[in-house]
1. Restricting attention to the range 127-146, and to residues there that are farther than 19 Å from Thr39 by Cα and touching a residue at least 24 places away in the same chain (Cβ under 8 Å), which single residue is surrounded by the fewest Cβ atoms within 10 Å (Cβ to Cβ)?
2. Return the residues of the range 115-160 that are of a type outside the set (Gly, Ala, Ser) and within 16 Å of ligand 2 (Cβ to nearest atom); say none if nothing qualifies.
3. State all residues of the range 179-210 that are closer than 15 Å to Thr344 by Cα and within 16 Å of ligand 1 (Cβ to nearest atom); if no residue qualifies, say none.
4. So in the range 39-69, with the set limited to residues that are in contact with a Leu (Cβ under 9 Å, 6 or more places away or on another chain) and polar (S, T, N, Q), which one is nearest to Leu117 (Cα to Cα)?
5. Consider Lys364 carefully, then state whether it is more than 20 Å from the chain's Cα centre (by Cα), surrounded by 15 or more Cβ atoms within 10 Å (Cβ to Cβ) and not hydrophobic (A, V, I, L, M, F, W, C).
6. Look through Lys364, Lys369, Lys387, Lys317 and report the one residue that is in contact (Cβ under 8 Å) with a residue 60 or more places away in the chain and out of contact with any Cys (no Cβ under 7 Å at 6 or more places or on another chain).
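The numbers here are math on the coordinates, done by the rules we state, and not lab data. Predicted, not measured: the structure shown is a model, and the values here were computed from it. FYI the Cβ positions are ideal-geometry reconstructions off the backbone, even for glycines, and counts take in every protein chain you see.
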Amino acid sequence: MKKLTSLAVLCGIFVATPAMAQQSIDSMLDREIAQLVSTYKMLHAAPELSHHEEKTAAFVASQLRALGYTVTERVGKYAEPDWTSYGVVAVMKNGGGPTVLVRTELDALPVEEKTGLPYASTVKAKNDAGQEVSVMHACGHDIHLTSFLGTAKMLAALKDQWHGTLIMIGQPAEETVNGARAMLADGLYTRFPKPDFALALHDSPDVEAGKVTYYPGYAMASATSVDLVIRGLGGHGARPEATKDPVVLASQIVLALQTIVSREKSPLEPAVITVGSIHGGTKRNIIPDEVILQLTIRTYKEEVRQQILASIERIAKGLALAAGVPEDRAPILKVIESENSPATYNDPELSERIAAAIGRTVGKDNVIKAQPLMVSEDFGYFSLDHKIPAFMFWLGAVEPARVEAARKSGKPLPSLHSSLFEPLPEPTLRTGIKAMTTAVLELMKK
Ligand SMILES: [Zn+2]
Ligand SMILES: [Zn+2]
């Protein structure tokens, strides 16, 4: 930094240029990367489940405090009054200018790691139900955490090149999609400055480390969890005429629901209806009283989501009526609000602006427009229903040779949430920090 400044003065340049910022980021990364990789390995070996991110949050808070941020811990209010939210909010005010929010997740998953890496997790912990489970950063939130800390460090050091208010947040409980909501419910945008832009990254399990991919517009779907209780009238398995069999009815409903996507909505509006669980009955010769279907619905647009919910109810009730089920035993549709998350909408103008800036830093060829996905995330909450321009990009996290081998063999790479998911730390973190630091500087540069 010092060297660069004196060089700039010698050359008669008195304002910081993007090229200078880039040189500074590169030289700082060269100095910091070994430490960041060991931070990553430490976080990877110590994952914590959603709603239990106590140590991870305390570590993030102490790191940010040491960098000069004003840090508030335990931000967040869950619907369950006795749960603690481990949300971290770190603010750095640097004169007038835009307010930019950068988010990382803090939580890991109940997965038993099978990568065989020397720093693999062997952690076991109690889940919300009190059962002991293995825990792993199988979604790569440890990559996000380390990129976030690296970015926070770069931006603190490059304070002379940006102005405005930077808000770095550590969000708990992304995997259970209630952490973002908990933070907003606890005054994230009233107790702290409300952002003009919100940014995040997510590692990608099938893109080479060193690359960034993105999609402007709807990039990830909304997720809606639904339970459908199919009620009948139970009885002896050998006397169907004396019953209204909910197993047969549920079977018809499962098939009929698939016609919603194929026949009832425009083929140009993506949607998925998956019945992921079907439970009913106790014994071969008993017709049960009810069968419970558990569904997930994915859409981009809210009106499509509403249309699908109405269709599910209509089809379930109509088929029950056709089967002769009395009206007071009609199917019940329950939307599990606590498990829902909105679509991730990348503001198109912001996406292209940031993608171009990242391209200038990591190489234009390394920034690629990808396809949107029907998986979901709770980052969308931070945009307050598209009112705050938001952008989440994908960070390639896999060793290039493995991506190439998978392409040739046709054998898919381990996905996110897989016990074998294995990001390549060094190039991934380097690119993640460069990309996110560049994104923030693009929005806040002097
Ligand atoms: Zn995940
Ligand atoms: Zn994730």
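1. First, pick out the residues of the range 127-146 that are farther than 19 Å from Thr39 by Cα: 127-134.
Those left that are additionally touching a residue at least 24 places away in the same chain (Cβ under 8 Å): 127-128, 133-134.
Values: Asn127: 14, Asp128: 12, Val133: 16, Ser134: 17.
So the residue we want is Asp128.
2. As a first pass, look at the range 115-160 and keep what is of a type outside the set (Gly, Ala, Ser): 115, 117-119, 122-124, 126-128, 131-133, 135-137, 139, 141-146, 148-149, 151, 153-155, 158-160.
Scanning the range 115-160 gives Val135, Met136, His137, Cys139, His141, Asp142, Ile143, His144, Leu145, Thr146, Phe148.
3. Correct list: Ala180, Ala200, Leu201, His202.
4. Thr39
5. Judged against the criteria, Lys364 is not a match.
6. Details: Lys364 fails: in contact (Cβ under 8 Å) with a residue 60 or more places away in the chain; Lys387 fails: in contact (Cβ under 8 Å) with a residue 60 or more places away in the chain; Lys317 fails: in contact (Cβ under 8 Å) with a residue 60 or more places away in the chain.
So the residue among Lys364, Lys369, Lys387, Lys317 that is in contact (Cβ under 8 Å) with a residue 60 or more places away in the chain and out of contact with any Cys (no Cβ under 7 Å at 6 or more places or on another chain) is Lys369.
Every residue, every condition in (1) more than 25 Å from the chain's Cα centre (by Cα); (2) in a strand (DSSP E or B), yes or no:
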site: Leu257; (1), (2): yes, no
site: Ile260; (1), (2): yes, no
site: Arg263; (1), (2): yes, no
site: Pro267; (1), (2): yes, no
site: Ile273; (1), (2): no, yes
site: Ser277; (1), (2): no, yes
site: Lys283; (1), (2): yes, no
site: Leu293; (1), (2): yes, yes
site: Ile297; (1), (2): no, yes
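Every residue, every condition in (1) more than 16 Å from ligand 2 (Cβ to nearest atom); (2) assigned to a helix (DSSP H, G or I); (3) more than 24 Å from Lys55 (Cα to Cα), yes or no:
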site: Val177; (1), (2), (3): no, no, no
site: Thr190; (1), (2), (3): yes, no, yes
site: Lys194; (1), (2), (3): yes, no, yes
site: Asp206; (1), (2), (3): no, no, yes
site: Thr213; (1), (2), (3): no, no, yes
site: Glu241; (1), (2), (3): yes, yes, yes
site: Leu249; (1), (2), (3): yes, yes, yes
